[in-house]
Every structure is written in C-alpha cells, then in structure tokens.
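Report on one structure; see the data block that follows.
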Amino acid sequence: MENGDFSCFISDHEGFHGTIKTSPKDFVVTEMDINGQLVTNPNIQETYTKRPHQATNKGGVKSKQLEPIDTDIFNQDCFDLNVILGLSVNKELENFTNKIRLGTSLSNGEQENMEFSLGTFPDKNLRAVVHKAVRHTYPFLQTVTNQSEIRVREDQDFKELSKLSSEGEAEDFFRFMDAKVPGSAFTFLPDESKEHRTTVHHFVSRRFGKLVETKSFTDQKKTSITVRLREKNKQSKKRTITDCQVEDVTLYTAFTLQKDNLETLEAISYMAVVLDVLPSDFTYAGIKDKRAVTYQAMVVKKISPEQLLEKVSEFERRGIKISRVRPVSEPLKIGRLQGNHFDLVIRDLKPHGKRELAALEELVLEAVENVKNRGFVNYYGPQRFGSGSCVRADQIGLALLKEEMETSVRLFFTPEDGDDLQNKAKHHFLLTGNAKESLALMPAYKARERLMLRALHRYGSEREGCIRAWLSLPHSMRLFYLHSYCSRVWNEAASCRLQKLGFKAVCGDLVWSGSEKGQRDIAEEDLNATQVHVVTSEEETDGVFSLDQVILPIPGNSVKYPENLLGRWYQDRLAQDGLGSCRFRVTPLKLNNPGCYRRLLAKPQNVTYGLQTTSQSDEPHAPSLSIAFDLDASCYATVCLREIMKSNLS
C-alpha cells in the first residue's frame with residue numbers, strides 16, 4: 001500500500017463498510033495517565049471558560065483582533081503570523097512587504113515613508129509577541145508602537161547592511177540581534193577586503209555598539225568578522241540564600257487540554273503566542289489526532305495557574321478549553337502515559353458485497369467480538385508516514401540514513417498536488433535551485449521550509465549546504481523521518497511474519513520476557529536485550545508462547561533480530577534499500593537510532609458497543625455503530641477499526 005503495508009488480518013470475519021470521522025465529535029480521544037486514570041477524571045474536572053470581548057477604538061470602529069487559522073508549525077522557535085495577526089491581516093502584510101522588495105520604481109523618500117498598520121493590541125504582552133514575530137519573519141521591517149497601534153515600515157539599517165553583505169546574511173544577523181541570546185555570537189562570511197571589513201565594523205558599532213562588540217579573526221587564511229553580545233554588568237549586590245533559592249525554582253503549571261479539530265502542535269503554537277512563551281515551554285506525553293475531540297495532559301513552564309486562567313477566553317476562541325489547572329514540580333515526558341480511551345461513532349454502515357441490511361447486526365457482533373478476543377495486527381497507522389500523495393516521510397528518512405543529503409532535500413521539497421504558494425515555491429526550487437527566490441515565494445507560516453531555504457541560500461545546495469539545512473530543523477523533527485522509515489519496515493516485517501510463519505509462536509521468534517508492565521510499555525521503550533527471549537524448538541512444540549507474546553524489532557543499532565527466516569528477511573529488506581551495513585547513525589545530522597521492539601499484536605480493552613438506527617427524511621434507515629475501547633500507547637484506533645470492519649481506513 002502507498003502509506004504502509006496493511007495486508008494481514010488476524011480474524012476471518014466478514015466485516016462491513018462504514019464512515020469514520022464524519023465530524024470531530026465522532027472521534028473522541030481521552031488520554032490515560034501513567035496510572036491508567038483518564039485525564040478528565042470527573043472527581044476533579046472543572047472546565048474554565050470565559051466569553052471573549054471585542055475591543056473598539058474611540059470612533060466606535062472594531063479594532064483588528066486575533067483571527068487564528070490553521071497552521072503547520074514544527075519548529076518551536078518560530079511564531080506563525082497567521083495565528084497572531086489573522087489570515088487577512090497577514091496577507092495584507094505580505095503584499096506590503098512585496099511592495100518594499102519590488103519598489104525599485106519608487107524614490108527613496110517614498111519607500112522610507114511607506115507604512116502599514118497591523119491594528120491595535122491593547123495587551124502589552126501580545127504587542128511584544130507581535131513585534132518579535134514580525135521582525136523574525138521579516139527582518140527588513142521595523143515595528144513601531146503608537147499607543148496600542150503597531151505600524152511597520154522598512155528598516156533603513158537593514159537596507160544599509162544588505163548593501164554591505166547578502167540579503168540572507170543581513171536577515172540572519174538581524175535575527176541574531178533580535179534574539180539576544182546570552183553568550184551567543186554571529187560570524188559574517190569571510191571577507192578579504194580590509195576596507196570593506198572596516199565599513200562593516202563601523203556600521204555594527206554605530207547601530208548596535210551598546211549591545212555588541214566586533215572583532216576580526218583569521219582562520220585558514222580567511223578573515224571574518226565576529227559579533228558577540230556584551231556581557232551584562234555584574235550586579236554588585238550580594239545575593240542572599242533566599243535569592244538563590246527563588247531563582248533556582250522553575251514554575252510549572254499542569255492542565256488538561258481539550259481541543260477540537262486541531263493538531264496538538266497547532267494548539268500549543270496558539271497558546272504560546274497568547275501566553276508570550278515559546279512552544280518549547282509546553283510538554284506533553286503524546287500527540288493526538290487532529291480530526292477529533294481530544295483530551296490530554298500538558299504542562300507549561302514559567303506560567304502560574306492564575307496567569308493561565310486569565311487567558312481562557314482567548315483559548316476558547318480557537319476551540320481550546322483547559323481544566324484541572326494546578327501547580328506541579330516538573331514537566332511531562334514523551335511516552336509518560338498508559339494509553340488512550342476512544343469513544344467513536346461509525347456511520348452509514350453497510351454489509352460487504354450483496355449481503356442484506358438485515359444481516360448487519362450479526363456482522364457487527366461477530367466482528368467486534370473477534371477483535372475484542374483476538375486483537376489486531378499492531379501496524380503503525382498511515383499518519384505515521386505523512387499524508388502526502390507524492391513523497392512520504394519514510395522515503396526522506398531512507399535518504400537520510402544513506403546520507404544522500406542532496407536527494408533528501410529534493411524529496412523534502414517535492415511539491416504535492418495543487419497550485420498554492422507553498423507548492424509554487426517548491427516547484428521553483430526544484431526547477432531553478434534558487435533558494436533565495438523560493439524563500440520569497442514560500443508562505444511565512446511554512447516554518448520548516450523557510451528555515452531550510454534560508455540555510456540553503458546561505459550555504460549553498462551542495463552536500464554541506466544540505467547538511468546545514470537539515471541542522472536548522474529541531475532534532476526531534478530530523479529524527480521523525482528516520483523513525484518513519486523504520487516504522488514502514490516494521491509494518492512490512494509484521495505482514496511477512498504472519499504470511500510466512502503463520503499464527504502461532506515458532507522457533508526463532510522473539511518474545512518479551514519482562515514484567516506485564518514492561519509488556520504494556522514495550523512499543524516505546526528501548527529494551528534491555530536480556531529481556532528479549534528467543535523461542536526454542538522445544539518451546540514451539542510445547543506451545544509455551546502464544547502469538548500475542550511475539551515482538552518484532554524496529555530497526556536500529558541496539559536490537560537483536562529473530563533467529564528464523566524473518567531475521568534473514570530483515571537483512572534482505574535493509575540491503576534492498578542500500579542499508580546492508582547501516583549503523584543507523586547519521587553523524588553529520590547528529591542522529592542516532594538505537595531501535596526498540598513492538599508487539600506483533602495489540603488488543604483493545606474495556607470494549608463496549610451498540611448498534612443504532614436513526615430515521616432521516618432521505619434515508620429512513622441509517623445504521624451507526626457507537627464503540628468505546630482503551631488502547632495502549634502508540635497503538636492506532638484506525639488500525640483497530642480496520643480489523644473490525646475489514647476495510648482500510650485513514
């Protein structure tokens with residue numbers, strides 16, 4: 001299949017047709033914490049909601065307010081202007097910046113006087129977010145506050161520096177200055193002209209002299225200018241023990257996040273803007289579906305419960321509600337959950353083939369009971385590999401494992417179907433290789449693509465430039481592509497195991513010999529090899545182990561492989577992709593994939609269900625199935641439904 005091998009079923013019931021995710025309310029996901037408790041524990045749940053108010057200016061005209069829309073933010077150091085300003089205002093801003101960049105026919109005076117209003121922002125913290133986000137996205141703009149109104153115009157200092165260096169280098173320098181990270185430094189590209197270097201020194205000193213110091217240095221006969229932030233004057237006041245204790249305490253606030261038809265990272269991006277923190281200040285146990293109503297535990301750093309509750313009206317505008325707000329002592333860790341509870345509705349049920357509608361109840365009963373008792377093949381769901389129709393995440397991961405850097409970048413920029421701006425930008429890059437022009441076309445909210453294009457523009461599109469481009473992305477995002485490839489291999493291995501070796505544990509299979517708790521966590525943990533047992537021929541004959549105890553390795557450099565034909569299959573499969581000697585390390589990208597183990601089968605727990613028939617004017621009988629069950633972490637509800645219905649779902 002296009003998005004993963006899902007060729008095997010465990011049960012032989014007939015199944016039925018149906019539609020899932022007709023609306024987000026048909027797919028409700030509630031996280032279970034490490035102790036198996038729902039994060040919506042009714043004993044302590046209290047949802048905080050307030051109605052938002054709309055501000056008006058003195059003339060009674062409504063001021064521009066936040067108009068958040070869908071985003072695609074994976075780099076946690078960027079803010080999305082579509083979220084902050086709203087789609088329409090951000091579009092006007094993009095048009096304004098295009099006029100500046102293409103305003104060659106305008107006189108200098110006309111360009112200097114060009115301004116654009118972003119609207120009024122009564123909240124001081126929100127104004128700070130707007131200033132930071134606009135300057136990050138458009139370093140050539142200057143933002144100015146007049147009372148609560150923010151206006152933008154071309155930054156003449158940026159214009160001057162861009163004449164002394166490339167525009168991309170000027171952008172990087174201004175972002176460095178805006179970030180003001182203590183102890184950081186910026187190095188201009190090598191410059192052999194002493195006169196030109198002196199001009200750059202003078203510019204930086206005149207514009208930023210109170211904040212930075214500059215110095216030329218020579219390395220391998222090439223001379224460059226380094227700009228370093230000045231250290232703040234040390235405070236003469238002696239700190240007391242109490243002062244030290246206060247500074248060492250980090251504030252954490254836990255809460256339950258309810259979101260409706262939003263990705264987890266999208267919700268975090270919006271909340272970060274409202275609270276004026278970084279998205280990386282939020283921690284969570286797992287990512288939840290977008291096309292669903294989901295409840296999950298979350299912790300935010302540097303925000304008190306009172307500060308969080310002050311913003312609930314703004315969260316509500318984006319389909320976000322919070323409950324169980326409370327102080328805690330530490331952040332959440334990925335994987336720190338037992339699983340998820342699902343409340344699902346499958347609509348428009350129909351039998352397969354030419355079976356009568358009257359047989360539906362019997363078909364549903366047989367299907368659900370079979371999966372309840374026997375489980376399902378624990379495939380990774382299609383969302384693991386990305387929804388793209390042209391290039392999948394696992395293909396990019398394979399190129400990275402082979403250290404084919406140029407190929408991986410071209411795959412990353414392969415456009416999807418459609419003629420929107422991001423696809424035009426990708427087409428342009430693949431056609432011309434011009435990262436600068438492609439960056440100008442790429443929408444501001446496509447953070448990953450813009451980061452890579454910016455690096456490609458600065459360092460070039462050869463191998464070293466492509467490495468730099470990948471390193472511009474967060475480590476977790478780079479690792480995602482490797483995991484996607486390994487997950488695809490695991491899916492294929494699971495199908496091969498069942499097709500070649502049947503439905504019982506056989507000699508050479510791997511089984512988990514740890515505790516039952518370890519068995520539940522096995523999908524995510526990098527297990528100690530001593531906890532993995534190889535089935536012997538005597539154990540196969542005596543039926544010591546069952547199929548639901550069999551585990552398969554997810555490829556990596558610290559796993560053992562089955563000692564039967566499946567072990568050979570892994571070798572051949574990796575060799576087929578050119579990974580015969582792969583160590584699952586991509587040193588240039590600082591990536592290491594040790595691998596882990598995943599159970600061949602998964603089984604839903606606490607299953608309840610009921611068949612319902614609703615009367616509608618156009619269809620008097622429209623049966624639907626309401627079903628609820630629990631799944632362990634890293635198991636996919638859509639894969640469970642696939643086994644029940646004998647249909648491939650996404």
- Message: Tally up the residues in the range 443-475 that are assigned to a loop (DSSP other than H, G, I, E, B) and farther than 17 Å from D172 by Cα, please.
- Response: 6
- Message: Any residue that is under 30 Å from the mean Cα position of the chain (by Cα), at pLDDT below 90, surrounded by 18 or more Cβ atoms within 10 Å (Cβ to Cβ) and not in a strand (DSSP E or B) - is there at least one of those in the range 621-639?
- Response: yes
- Mind checking which residues of the range 347-358 are out of contact with any Phe, Trp or Tyr (no Cβ under 9 Å at 6 or more places or on another chain) and not in a loop (DSSP other than H, G, I, E, B)? R347, D348, L357, A358
- Task: Test N113 against the stated conditions and say whether it is touching a helix residue (DSSP H, G or I) at 6+ places or on another chain (Cβ under 9 Å) and either under 22 Å from F174 (Cα atoms) or at pLDDT 85 or above (or both).
- Result: no
- Query: In the range 163-171, is there at least one residue being closer than 20 Å to L85 by Cα, touching a Phe, Trp or Tyr at 6+ places or on another chain (Cβ under 7 Å), in contact (Cβ under 8 Å) with a residue 40 or more places away in the chain and not assigned by TED's automatic domain parsing to the domain that holds A440?
  - Reply: no
- If you go through the range 302-316 one residue at a time, do you hit one that is assigned to a strand (DSSP E or B), under 13 Å from D260 (Cβ atoms) and either touching a helix residue (DSSP H, G or I) at 6+ places or on another chain (Cβ under 9 Å) or at pLDDT 90 or above (or both)? no
- So the helices (runs of 4 or more DSSP H) completely within the range 134-229 holding 1 or more residues that are of a type in the set (G, A, S), surrounded by fewer than 19 Cβ atoms within 10 Å (Cβ to Cβ) and within 39 Å of the chain's Cα centre (by Cα) are 167-179
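The values are calculated or read from the model by the stated rules, or taken from the named source; none is laboratory data. For clarity, every value in this text was computed on a predicted model and none was experimentally measured. Neighbour counts are summed over all protein chains in view; Cβ atoms, including those assigned to glycine, are modelled from backbone coordinates with ideal geometry.
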